[in-house]
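For reference, the structure is listed below as structure tokens.
Any read-out appearing in this document is the output of simple, stated calculations on the displayed coordinates, not a laboratory observation. In this text the structure is predicted, and so the values were computed from the model without any measurement. Positions of Cβ are generated from backbone atoms using ideal geometry, with glycine treated the same way; all protein chains shown enter the neighbour counts.
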Amino acid sequence: MKAVILAAGEGSRMRPLTYTRPKVMLPIANKPILEHLLIEVAKAGIKQFIFIVGYHDERVRDYFGDGDKWGVNIEYCSQRKQLGTADALRMVDGLIDAKFLMVNGDIIVTEKEISRLARRRDNTMGVVEVEDTRGLGLIEVNRNRVVRIYEKVAKPPSHIANAGLYLFTPEIFTAVSRTPKSSRGEYELTDSLQWLIDQGRPVSYQKMAYWLDLSYPWDLLRANESLLAGIGAENLGEVEENVVIKGVVSIGSGTTVRSGSYIVGPVIIGQNCEIGPNCYIRPCAAIGDDCHIGSAVEVKNSIIMNGTNIPHHNYVGDSVIGEKCNLGAGTKIANLRFDEKEIWVDGVNTGRRKLGAIIGDGVETGINASINIGTTIGNDAQIGPGAVAHGVISPASKIF
């Protein structure tokens, strides 16, 4: 069996984090979303992969190569114009002659769910029951069959959402060939499935017990919390005397944790980092490779990407910080409103009481800069000494 993974899109709702990488390459617990997915599919016994890539495809190709590192084989198909999921599937027609899995590359599911789906015989959709249906495709069912598929409707007919995980037989390619452009100007896979249903062909569904959908940057924090809960303790680096480590902490090779540091797991720290002295790393922090977390710095429930420096008297809570950022001494990120109400970002309710900043790659701050709750900062922006940053800040901006 082969697995087709859709990994061509940018993920515009994840900006500014996707200006330099596709959404599937955003890190959670120090691995790209796509790597977590590949590992679970491979554990289910599927070793043949086709990655459909497009936006910044070099990031995917360079990282995964031919898949040998994971004991799998990866082929690539390029979708230069993202014209929809059915258009993506059309690209592998002729490469597959048996039933196969198709998975959106920006979700996280488990080996157990994938194995159950792989045993199916008919075309089958993975689905999940949700309370909030906004932005999701929904299905209507009758007994064990899908009878109608709805794509992001204002008045939801059900709370059963399309999970972006499918088992297909080769007849799906016939349906794809009959699929016209939708009103959104794309060839939609859900329209292909509806065509099968209308032709009297059975389309089944399987409810998922575990499913993480990643639409907005703050969704990464929720997924990070979930995945860090399953890591194992490991120390491949050097831990000096007078370091306190509590709970499950994973430390990568070449990393030094200096005296006076206090770390409470679950926490993961990558390779070749310098941690401390005298810093406080709290639960659900994921610190990438080549990072510096220095003296009197506190990091809590955050994702810190590769090459970022937070070296002096800083506070970072409930935030996502891109690659190769540098926070000047005394930079603080707020993460809680005075009234403790849920935080909105650019007109979207995050559903979170605590949310700091979403910061793109290469951002620099001066000494004693302050970043307000829910602020998004685009790549290569500069926040000057003593400046207060808030709202949506465009890439390469200078706030002084």
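Just a few scattered comments:
- Partner lysines whose Cα lies under 18 Å from the Cα of Lys81, excluding those fewer than 8 positions away in the same chain, are identified as Lys23, Lys181.
- Region 295-373 versus region 98-158: alpha-carbon centroid distance in Å: 35 Å
- Pairwise centroid distance, computed over Cα atoms, of region 37-89 with region 272-287, Å: 32 Å
- Label zone at Ser295, where the point sits 7 Å out along the Cα-to-Cβ direction: region 311-329 residues whose backbone N lies under 20 Å: 311-316, 326-329
- Spin-label proximity, Ile39 to region 1-30 - amide N less than 17 Å from point 7 Å beyond Cα toward beta carbon: 24-30
- Value at 222 nm in deg cm²/dmol, rounded to 500, when DSSP H runs of n ≥ 4 in the chain each add -39,500 (n - 2.57): -4500 deg cm²/dmol
- Inter-label distance, Tyr63 to Asp339: 3.9 nm, where each label sits 7 Å from its Cα along the C-beta direction.
- Full-stretch length increase - Asp97, Glu75 - with 0.36 nm per residue and alpha-carbon distance subtracted: 6.3 nm
- Label point distance in nm, Asn144-Asn235, each placed 7 Å from Cα along Cα→Cβ: 5.3 nm
- Relative packing of peptides 11-18, 40-47 - highest average C-beta neighbours within 10 Å first: 11-18, 40-47
- Measuring r between the beta carbons of Lys47 and Phe400 and using R0 = 45 Å, the FRET efficiency lands at 0.25.
- The chymotrypsin sites (Phe, Trp or Tyr not before Pro) found in region 205-287 that occupy coil by DSSP, while having at most 14 further C-beta atoms within 10 Å, are Tyr210.
- Shape of region 2-215, Cα gyration tensor, a/c cut at 1.5: rounded
- Cleavage-rule hits (trypsin sites (Lys or Arg not before Pro)) in region 48-92: DSSP loop, at most 16 neighbouring Cβ within 10 angstrom: Arg80, Lys81
- At full extension, Asn349 and Asn326 could sit 5.4 nm farther apart than now, given 0.36 nm per residue minus the alpha carbon distance.
- The count of lysine pairs in region 222-399 that are at least 8 places apart or cross chains, and whose C-alpha atoms lie under 28 Å apart, stands at 16.
- The chain shape via C-alpha gyration tensor axes, a/c threshold 1.5: prolate
- Loop-located chymotrypsin sites (Phe, Trp or Tyr not before Pro) in region 285-383 (DSSP state other than H, G, I, E, B) with a sparse environment of at most 16 neighbouring Cβ atoms within 10 Å: Phe338.
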